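Shown next, in structure tokens, is the structure this report addresses.
The values are calculated or read from the model by the stated rules, or taken from the named source; none is laboratory data. Small disclaimer: the values here were computed from a predicted structure and weren't measured. Virtual Cβ from ideal backbone geometry, glycine too; neighbours counted across all protein chains shown.
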Amino acid sequence: MTHHSSGPQCPLVWLHHAPSSRADAGGKGASLSQLAALGAPVPNAFALTTQAWRWFAISLGLPRRAMDVNERDLPRVRADIMTAPLQDFIAEAISDGYLAFQTLLGDDLALAVRSSATTEDSSSFSFAGLHDTILDVRTPAALESAIRQCWASLWSDRAHAYRMVNGFATETAEIAVVVQQLVRSDVSFVAFTTDPIHDRDDHLVITATWGLGEAIVSGLVVPDQVVVGADGSILDYTIGGKHMMVIPGTGRDEGIRHVAVPRLLQSQPALSREQVTAITTMTRSLSARLGYEADLEGGFADGSLYLFQARPITTIAAQPPAVSMRLEEQLSVSRQ
Amino acid sequence: MVTTQDTKTSAFPVDWNESIDSGATFMFDPMHFPYPVSPLLQSTMGPAFATGFTTAVNEYNLPIHTVEVCHRNHYRYDRQVMKQPASDEEMRQISEAAEASMQREVGRMMDQWHDEHLPNITSRLNRLRNLDVEGASPDELVKMLDEVGVIHTDFWRIHFRVVLPMFMSMQLFDEFYAEVFEGTESDAHALVVGALSESIKGGMGLSDLAALARTLGLESLFRETTTDSLPSKLEATEQGRQFLARLDAYLADYGLRQDLFEYTTPTWQEDPTIALASIRSYLLIGRDARADYAAKAQSAEDASTAAREHLAAYPEAVRGQFEAMLQFGRDGAFMQEEHHFYIDQQGIALLRLFYLKVGQRLAEAGAIERADDIFMLHIDEVRRLTGDSETGSDGDGVRATVATRRDEMRQAHTMAPPPFIGDPPTGPPPNGNPMERAIMRFFGGPPQKSDVAGQLKGNAGSKGVATGIARIARTLDDASHVEPGEILVAVTTTPPWTPLFGVASAVVTETGGALSHCAIVAREYGIPAVVGVHGATTAIKPGQRITVDGTSGIVTLDS
């Protein structure tokens, strides 16, 4: 706890303690802190701030803007990020954060480590899926490695190209890392505060699948899709293929796995009527206060509802209402 | 499909096209009826089975329209006539109705068994026990024959109401296990053994009797005496009589069993030789069926605990499904044994005893020579003789018929019945839904050929490997001579054979699949089994040393 004198202030912020800015905690971190402030059931999380990244990047002499680096130099940049020594105050911050989780979770400790770039999840550009997320991280060494991997993903070929093409070439690329308690969801969902299919902003669309939400976000499965009407009634429940699911490791084995969904469960609705109602109530209550149309990613574990992140919906602006387009295609547009 | 049997089929005369619609295919069922069946069984069980089965499938809305049974050269054949939907829409409706019905039945299988089926069976078994054949007038006797016919049909109706959800539940568990775990079928079955069914209790009773014999100091008598002369030797001493009293009490509960689906073989109550042979073997090897059962149940619990640990990180829905499916698997294995005990064993045994009493009356009236001649008659002939108070007049003709049929039966034993008669089956058996896959895994599917010399291939029935001397058994009587450590090789093993699974070191059958009775019982007894080995009883020679690998389904013959 003596590191404050040797480096910049607060390389680590707990997101439910105080509002965090996009500049400090990245887009994901900022929205999580907003959700927590609104009383949403978000799991405990801290952000390793952009300041930590900045000190690390500057000390290594890493490029700051997309235009500063040639595509073929990216592998070397990433290798440096993965291997260069961390400044003591960053290592200590990570260690402090880990110990706090250990106190909180004990043997159950499992973490979700998510990239949180300053440009992502803005209302015009999602950057979704460009940067890495590492799930079911359990040891200090794995946590440090996961944080480095998130940092390195700032300079993935795809992220670099995205910035070059979308007018971010001259902006400083900054990234925070959100470290969140991993909730072992029995069923996961992404709820949209508006209905992109019918272009009805009084409808709600929920996609859901078995296991962790990664299966929906990564496009691994065709999830169930629920359309909820203005009065909260289920207008449509379309059961998706859901042939695979993403689950945490078993016993001492950390790291997620992709496993088959038993045939009998593939054709079962992932969400009960009560769960749809719980998601609807929370989503409606939050969307009014968030101030923007959002998609909310969450899950149910042991009967409780959790939210993991909120993202502005970017497709509404980007896409004209296309009734013929399937929702999953829309999702893949919004997420790639 | 037919290999070695093809050459012998010419010796199986079938005047086929005269009596059967073209396009019909009747299948041989060597798992249940490997040998010629008696005329009385043909004419009673044939229609009872067909009507009872048909009623059950209709009550369950299955896509089967009717079940038919026919006999040629005293061998039994049957076929299922499928519903013929007029449109795709009707087809869809039929299959949806069947699926909904089976789902409902699997869910309430155990409740149905305890609340409805078991009381219905028990009341009918008691009725069969209590029919006063000796005191009935000829008219009353004819009415009794008709009533027994109805009871027999009820048995098969209840039988199929039980076994269809039973197969479905075992199949659902096995399929679920295969989807979620990386293990083999054997690993799946390790979780569902250990049900305390009546047939396991029957085995425990024999083991208790073996322990009693030791306590009473009868061990050397059992060692030194052949089973045939054991009863008289036991009768001669006080300890022996004590033992026999306990044996009688045991047989009152568990002695209504006999070899095969047939009336002609005596029940254990009538002839305790096979029970005594089992007790003797248990005594010699010191088998403790209660300890074996406890160990088996514990190993199933351990395997289930390991499975639950594996699933700890899975969504609650999967864990919940696992518990439901595990219960289905266990209930299914339990029902397999339980329904056999009540219907297949006690039902048929009591039918035999009833007809034997009728035969006794006919013999006393001079219509037939011996009571068991009745088994050589058709039920219509029995009814006519029973109602006719002047039966003696027709005696010579009937006796000639009995003699002819006994000859026919002997002749039939030398024939090799073809796997089907009528038009060849079209394509492989259906494999589209869990029920069809379960039936496939009950009967075992088409014969398999091994490419390796000295190896026979069948279905993995019960895991493990054992090497020993082959004991080829055509009948339960043959099988009862199996010595501890020997390997039992048979066309099929019916439930009354099960105590011998506690003596043999492994079992090989020509019929059946992983869900067959033989495979399930071998798992309960924890001995390796390879089932559905085409031609095993002829390819394996008596006394030959063989190795049974119940995990891979391969039998290796020592050259």
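Of everything in the stretch B:517-549 that is in a loop (DSSP other than H, G, I, E, B) and within 20 Å of the chain's Cα centre (by Cα), the residue that is farthest from B:Val193 (Cα to Cα) is B:Gly535. There is no residue in the stretch B:302-310 that is of a type outside the set (Asp, Glu), more than 30 Å from B:Asp187 (Cα to Cα) and out of contact with any Leu (no Cβ under 9 Å at 6 or more places or on another chain). Number of residues in the stretch A:217-246 that are in contact with an Asp or Glu (Cβ under 6 Å, 6 or more places away or on another chain) and buried (at least 17 other Cβ atoms within 10 Å of the Cβ) equals 4.
Looking for something more than 25 Å from the chain's Cα centre (by Cα) and more than 14 Å from chain A (Cβ to nearest Cβ) - is there at least one such residue anywhere in the stretch B:330-350? No. The single condition among (1) in contact (Cβ under 8 Å) with a residue 60 or more places away in the chain; (2) more than 14 Å from every other protein chain (Cβ to nearest Cβ); (3) aromatic (Phe, Trp, Tyr); (4) touching a Phe, Trp or Tyr at 6+ places or on another chain (Cβ under 9 Å) that A:Phe189 does not meet is (2).
Is one or more of the residues making up the stretch B:340-361 assigned to a helix (DSSP H, G or I), in the same structural domain as B:Phe167 (by TED's automatic domain parsing) and over 30 Å from B:Phe160 (Cα atoms)? No, the stretch B:340-361 has no match at all. Is it true that B:Ala136 is more than 14 Å from chain A (Cβ to nearest Cβ), of a type in the set (Gly, Ala, Ser), out of contact with any strand residue (DSSP E or B) (no Cβ under 6 Å at 6 or more places or on another chain) and surrounded by 23 or more Cβ atoms within 10 Å (Cβ to Cβ)? When the stated conditions are applied, B:Ala136 does not pass them. For B:Ala313, the conditions (1) assigned to a helix (DSSP H, G or I); (2) within 21 Å of A:Arg252 (Cβ to Cβ) all hold with the exception of (1). Do we find that A:Val165 is assigned by TED's automatic domain parsing to the domain that holds A:Arg138 and more than 30 Å from A:Leu12 (Cβ to Cβ) in this structure? Against the criterion (assigned by TED's automatic domain parsing to the domain that holds A:Arg138 and more than 30 Å from A:Leu12 (Cβ to Cβ)), A:Val165 qualifies. Determine, yes or no, whether A:Phe300 is surrounded by 16 or more Cβ atoms within 10 Å (Cβ to Cβ), at pLDDT 90 or above and away from chain B (no Cβ under 14 Å). So A:Phe300 does not fit the description; no. Counting the residues of the stretch B:401-450 that are touching an Asp or Glu at 6+ places or on another chain (Cβ under 7 Å) and of a type in the set (A, V, I, L, M, F, W, C) gives 1.
Only one of the numbered conditions (1) farther than 30 Å from B:Asp228 by Cα; (2) surrounded by fewer than 19 Cβ atoms within 10 Å (Cβ to Cβ); (3) at pLDDT below 85 is not met by B:Met440, and that is (2).
Being buried (at least 22 other Cβ atoms within 10 Å of the Cβ) and modelled with pLDDT under 95 is a property that B:Glu309 lacks. The set of residues from the stretch B:167-189 being under 24 Å from B:Asp302 (Cα atoms), more than 14 Å from every other protein chain (Cβ to nearest Cβ) and modelled with pLDDT of 90 or more comprises just one member, B:Met170. Just give me the residues in the stretch A:237-288 being away from every other protein chain (no Cβ under 11 Å) and hydroxyl-bearing (Ser, Thr, Tyr), in sequence order. Within the stretch A:237-288, A:Tyr237, A:Thr238, A:Ser267, A:Thr277, A:Thr280, A:Thr281, A:Thr283, A:Ser285, A:Ser287 meet the criteria.
One residue stands out in the stretch B:312-325 among those that are among the hydrophobic types (A, V, I, L, M, F, W, C) and crowded, with 21+ Cβ neighbours inside 10 Å: the one that is nearest to the other protein chains (Cβ to nearest Cβ), namely B:Ala313. Would you confirm whether or not the stretch A:199-213 contains a residue that is within 14 Å of another protein chain (Cβ to nearest Cβ), modelled with pLDDT of 85 or more, in contact with a Lys or Arg (Cβ under 7 Å, 6 or more places away or on another chain) and closer than 30 Å to A:Ala230 by Cα? Within the stretch A:199-213 (the criterion being within 14 Å of another protein chain (Cβ to nearest Cβ), modelled with pLDDT of 85 or more, in contact with a Lys or Arg (Cβ under 7 Å, 6 or more places away or on another chain) and closer than 30 Å to A:Ala230 by Cα), the answer is yes, since at least one residue qualifies. Filtering A:Phe56, A:Phe46 for residues that are in a helix (DSSP H, G or I) and either charged (D, E, K, R) or in contact (Cβ under 8 Å) with a residue 12 or more places away in the chain (or both) leaves a single hit, A:Phe56.
Here A:Thr315 does not fit the description of being within 14 Å of chain B (Cβ to nearest Cβ) and at pLDDT below 95. From the list A:Ile175, A:Ile234, the lone residue that is more than 16 Å from the chain's Cα centre (by Cα) and away from every other protein chain (no Cβ under 14 Å) is A:Ile234.
Picking from A:Leu32, A:Leu48, A:Leu12, which residue would you name as being surrounded by 19 or more Cβ atoms within 10 Å (Cβ to Cβ) and at pLDDT 95 or above? Checking each option against the conditions leaves just A:Leu48.
Candidates in the stretch A:241-251 are the residues that are free of Cβ contacts under 8 Å to residues at least 40 places away in the same chain and part of a loop (DSSP other than H, G, I, E, B); of these, the one that is farthest from A:Ser185 (Cα to Cα) is A:Gly241.
Candidates in the stretch B:285-302 are the residues that are surrounded by 19 or more Cβ atoms within 10 Å (Cβ to Cβ) and among the aliphatic types (A, V, I, L, M); of these, the one that is farthest from the other protein chains (Cβ to nearest Cβ) is B:Ala289. Regarding B:Leu141, is this residue touching a Phe, Trp or Tyr at 6+ places or on another chain (Cβ under 9 Å) and at pLDDT 90 or above? The answer is no for B:Leu141. Residues that are modelled with pLDDT under 95, surrounded by fewer than 19 Cβ atoms within 10 Å (Cβ to Cβ) and either outside the structural domain of A:Ile279 (by TED's automatic domain parsing) or not acidic (Asp, Glu) (or both): does the stretch A:184-197 have at least one? Within the stretch A:184-197 (the criterion being modelled with pLDDT under 95, surrounded by fewer than 19 Cβ atoms within 10 Å (Cβ to Cβ) and either outside the structural domain of A:Ile279 (by TED's automatic domain parsing) or not acidic (Asp, Glu) (or both)), the answer is no, since none of the residues qualifies. Scanning the stretch A:252-293 for residues being at pLDDT below 85 and in a strand (DSSP E or B) gives a total of 0.
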